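Trainee: I have a structure I would like to understand better, so I am pasting it below and will then ask my questions one at a time.
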Amino acid sequence: MKITRITVYHQDLPLAHPYWLSGGRLKFEVLDATFVRIDTDEGLVGWGEGTPWGHTYVPAHGPGIRAGIETMAPFVLGLDPRKVLDVERAMDLALPGHLYAKSPIDMACWDIAGQAAGLPIADLMGGGSRTPKPIASSVGAKTAQETREVMERYRQRGYVAHSVKIGGDVERDIARIRDVESIRQPGEIVLYDVNRGWTRQQALRVMRATEDLRVMFEQPGETLDDIAAISGKHAAPVSVDESLVTLQDATRIARDGIAEVFGIKLNRVGGLTKAARMRDVALAHGIDMFVMATGGSVLADTEALHLAATIPDVNCHAVWACQDMLTLDIAGGRGPRNINGHLHLPETPGLGVHPDEGALGAPVASYEVSA
Ligand code: MG
């Protein structure tokens with residue numbers, strides 16, 4: 001089987017509510033999404049998606065995905081998409097780094113490989129758990145009262161996992177954490193996500209002031225060096241997501257004990273092929289995981305769901321469904337959707353959901369094997 005054509009679509013995905021990142025970064029109202037269709041000489045078609053969470057969150061640029069695919073396409077065309085390692089190496093040779101540009105091609109290849117094998121991607125990867133995965137909310141509110149209101153809205157829709165965004169103001173963060181813990185319900189999973197919004201002294205002040213609550217924080221500093229520097233000076237478990245980019249990051253975190261949890265972001269780390277290695281490093285070192293797309297539609301959420309399904313249930317805390325924050329549905333309601341706060345693994349071979357091509361507009365680029 002050979003890849004004969006790569007077709008690229010660009011679609012802005014509007015957010016239901018504008019999103020403000022902590023630390024004074026710019027707000028954004030749409031996500032710049034790239035959808036990739038891969039055609040093969042045997043008629044199978046695979047789809048991938050690359051959607052950064054805005055351009056100011058982490059180094060990932062929507063138009064950069066399309067430019068990266070233009071550079072990599074000549075090296076990917078003609079390869080067998082079922083041989084995902086061959087495709088990965090071709091992309092890494094053609095364009096070192098730029099992992100977020102590689103992720104949609106990797107995803108489309110896994111989609112085709114699953115269809116060819118007659119298996120959902122998770123089963124093709126070795127076996128997928130059918131336990132529904134709790135979806136983590138994204139609570140970006142500012143005040144304690146707003147936080148309560150946003151969490152309650154998510155609870156009404158069945159959510160039992162919450163990612164409460166904090167950072168930037170020590171006293172306000174402490175007050176919000178104490179308030180959320182006072183209304184936390186039995187069985188609820190709450191992660192306090194700093195999104196790199198603290199300096200080292202701010203991190204230590206909040207983490208020490210809330211030690212009695214035994215809560216967990218995500219990305220409490222800008223870099224792995226920052227998080228490592230405060231490790232051992234507080235008692236809280238830590239998740240790292242934004243600074244978990246390469247396999248070398250994963251092994252450093254595991255070896256040096258920098259964090260107890262990985263937040264694996266599929267687009268951020270370059271797709272399923274590379275993320276699966278991080279999963280194995282985590283499992284080998286007693287590190288639990290959250291799995292999510294970096295952003296995007298039901299396609300990106302489904303990719304994350306497949307990886308999450310390959311993690312033992314006890315080690316996978318939650319996934320994320322960015323689709324719930326969008327006002328445009330490019331798949332007409334198909335694919336895994338929020339059912340009482342959980343996503344269910346699709347049973348159809350491959351990814352299990354494809355977009356409506358009509359919802360994507362005209363392709364912005366197409367690359368073909370020359371005759
Ligand atoms: Mg996070």
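The values are calculated or read from the model by the stated rules, or taken from the named source; none is laboratory data. What you are looking at is a predicted structure, and each value in this text was computed from that prediction instead of being measured. So basically every Cβ, Gly included, is an ideal-geometry build from the backbone, and we count neighbours across all protein chains shown. Just the protein is used for accessible areas: all its heavy atoms, side chains included, with ligands, DNA and RNA removed. Shrake-Rupley method; radii C 1.70, N 1.55, O 1.52, S 1.80 Å.
Trainee: Short version: ³J(HN,Hα) in whole Hz for each residue of segment 91-105, in order, from phi by Karplus 6.51 cos²θ - 1.76 cosθ + 1.60 (θ = phi - 60°), x for Gly and Pro, what are they?
Mentor: Result, rounded to whole Hz: 5, 5, 6, 6, 8, x, x, 6, 4, 5, 7, 7, 4, x, 5.
Trainee: Once neighbouring chains are kept in place and the probe is 1.4 Å, which whole percent of the accessible area of the chain is contributed by carbon and sulfur?
Mentor: 53
Trainee: Given a 1.4 angstrom probe, what's the average accessible area per residue across the chain, in square angstrom?
Mentor: 38
Trainee: Summing Lys, Arg as +1 and Asp, Glu as -1, what charge do residues with Cβ under 15 Å from the Cβ of R208 carry, R208 excluded?
Mentor: +1
Trainee: Quick check: the distance between the Cα centres of segment 138-201 and segment 306-371, to the nearest angstrom?
Mentor: What the calculation gives is 27 Å, centre to centre.
Trainee: How high is the relative contact order of segment 123-343, in percent, counting Cα pairs under 8 Å that sit 6 or more residues apart?
Mentor: The value is 21 percent.
Trainee: Can you compute 3J(HN,Hα) from phi for each residue in segment 156-169, using the Karplus curve 6.51 cos²θ - 1.76 cosθ + 1.60 with θ = phi - 60°, rounded to whole Hz and x for Gly and Pro?
Mentor: 3J(HN,Hα) across segment 156-169, in whole Hz: 4, 9, x, 5, 10, 10, 9, 10, 8, 7, 10, x, x, 9.
Trainee: Using the crude model of +1 on Lys and Arg Cβ and -1 on Asp and Glu Cβ, and no other charge, please compute the dipole size for the chain relative to its Cα centre, in debye to 20. Numbers along the way, then the final one.
Mentor: Details: 37 positive and 47 negative charges, 122 e Å.
Rounded to the nearest 20 debye, it is 580 debye.
Trainee: With a cut-off of 8 Å between alpha carbons and a minimum separation of six or more residues, what is the relative contact order of the chain in percent?
Mentor: Working: 844 pairs, mean separation 82.7, N = 371.
It rounds to 22 percent for the chain.
Trainee: A follow-up question, please. Considering the options P74, M91, P186, tell which one lies farthest towards the positive end of the dipole of the chain, charges being +1 on Lys and Arg and -1 on Asp and Glu at the Cβ, about the Cα centre.
Mentor: Positive-most Cα among the choices belongs to P186.
Trainee: Would you grab the residues whose amide H sits under 5 Å from the one on D12? Only those 5+ places off in sequence or on another chain, please, with H modelled 1.01 Å from N.
Mentor: Counting only residues 5 or more places away or on other chains, the set is A33.
Trainee: Could you calculate the contour length gain from N315 to T348, that is, 0.36 nm times the residue separation minus the distance between their Cα atoms, to one decimal place in nm?
Mentor: Result: 9.4 nm gained on full extension.
Trainee: Convex hull over the Cα atoms of the chain, averaged projected area in nm²?
Mentor: Orientation-averaged projected area of the Cα hull: 16.7 nm².
Trainee: Nothing charged except the Cβ atoms of Lys and Arg (+1) and of Asp and Glu (-1): what's the magnitude of the dipole of segment 189-301 about its Cα centre? Round to the nearest 20 debye.
Mentor: 160
Trainee: Taking Cα atoms, how many degrees apart are the long axis of helix 170-183 and the longest axis of the chain, rounded to 10 and kept between 0 and 90?
Mentor: Between the helix axis and the principal axis of the chain, the angle is about 90 degrees.
Trainee: Would you please classify the overall shape of segment 123-343 from the alpha carbon gyration tensor, given that a ≥ b ≥ c denote the square roots of the eigenvalues, rounded means a/c under 1.5, and beyond that prolate means a/b larger than b/c while oblate covers the rest? Display every interim value, and only then the final one.
Mentor: On the way: a/c = 1.82, a/b = 1.16, b/c = 1.58.
Note, shape of segment 123-343 comes out oblate.
Trainee: Now for a different question. Taking 24 Å as the cut-off for C-alpha to C-alpha distance, list the pairs among K27/K233; K233/K274; K2/K102; K102/K265 that go past it.
Mentor: Checking Cα-Cα distances, K27/K233; K233/K274 exceed 24 Å.
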